[in-house]
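So the structure is just underneath, and the comments pick up after that.
Readers should treat all values here as calculations from the given coordinates under stated rules, not as data from a laboratory. Source: prediction; values computed, not measured. Don't worry about glycine lacking a Cβ; one is built from the backbone with ideal geometry, like all the others, and counts go over all protein chains shown.
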Amino acid sequence: DAGVIQSPRHEVTEMGQEVTLRCKPISGHNSLFWYRQTMMRGLELLIYFNNNVPIDDSGMPEDRFSAKMPNASFSTLKIQPSEPRDSAVYFCASSSTGSGAYEQYFGPGTRLTVT
Amino acid sequence: AQSVTQLDSQVPVFEEAPVELRCNYSSSVSVYLFWYVQYPNQGLQLLLKYLSGSTLVESINGFEAEFNKSQTSFHLRKPSVHISDTAEYFCAVRPGGAGNKLTFGGGTRVLVKP
């Protein structure tokens, strides 16, 4: 089992540039979550999908952030334009509503630095 | 809505000493409870979970947590820590009904000193 795969692992970009983070959930999982982690704010849920449909995007900071899940095996989180305050580690997690407990499995994260 | 409070943001502890990480939650419905561990520069990993049945649950690396419904707590303990237990630990809850969103606590950083 490959686990949740995220790419890139590290991203350094300049303010104003577009950033796209990618996630491949565990095969067979039907829920996908995007989190952001910073020292100041801790771990924040940005958005989550069930069966490729966005269910709760109340954590998305502002219109500069968007997320898509075109199919069950791929999701993207896009920031356009990026700002220095977006610097953080972004995690993707997946789970299966069929498991009964819904524990989430996390990817290794993407460390984003916006200069 | 649920909320999770981890009372200690940092816990320094000497190697081979015991450690307890406190977690309290609030919820109007029954919940499932989880502890996750995050080692430096890694993602979160599930450490243990409480779903139902015995209120004491254990992990494969010596941690245990006890669900206390009356005190709405799910404290994590280990009788003897190792240097390799240095990490951040997150408590999380999920409502027992519909929906699979987890609510996380703020995390507790454990620093094991030799």
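Per-residue shielding of A:102-110, expressed as the average number of other chain Cβ atoms within 10 Å of the residue Cβ, stands at 6. Neighbouring Cβ atoms from other chains, within 10 Å of the Cβ of residues in B:40-51, number 4 on average. Across peptide A:13-20, how many C-beta atoms of other chains are within 10 Å of each residue C-beta, on average? Shielding by partners across A:13-20 averages 0. Over all Cα atoms in chain B, the spread is summed up by Rg and Dmax: 13.6, 45 Å. Among A:ARG85, B:ARG22, the order by Cβ neighbours within 10 angstrom, fewest to most, reads A:ARG85, B:ARG22. A simple rule links phi to the HN-Hα coupling: the Karplus curve 6.51 cos²θ - 1.76 cosθ + 1.60 with θ = phi - 60°, which for the range B:61-77 gives 10, x, 7, 9, 9, 10, 7, 10, 5, 5, 9, 6, 10, 8, 6, 9, 9 Hz, with x for Gly and Pro.
Applied to the range A:73-90, the Karplus parametrisation 6.51 cos²θ - 1.76 cosθ + 1.60 on θ = phi - 60° returns per-residue 3J(HN,Hα) values of 10, 7, 9, 10, 10, 10, 10, 8, x, 7, 10, x, 6, 7, 4, 4, 9, 9 Hz, with x for Gly and Pro. Spherically averaged projected area of the convex hull of Cα atoms, the protein assembly as shown: 12.7 nm².
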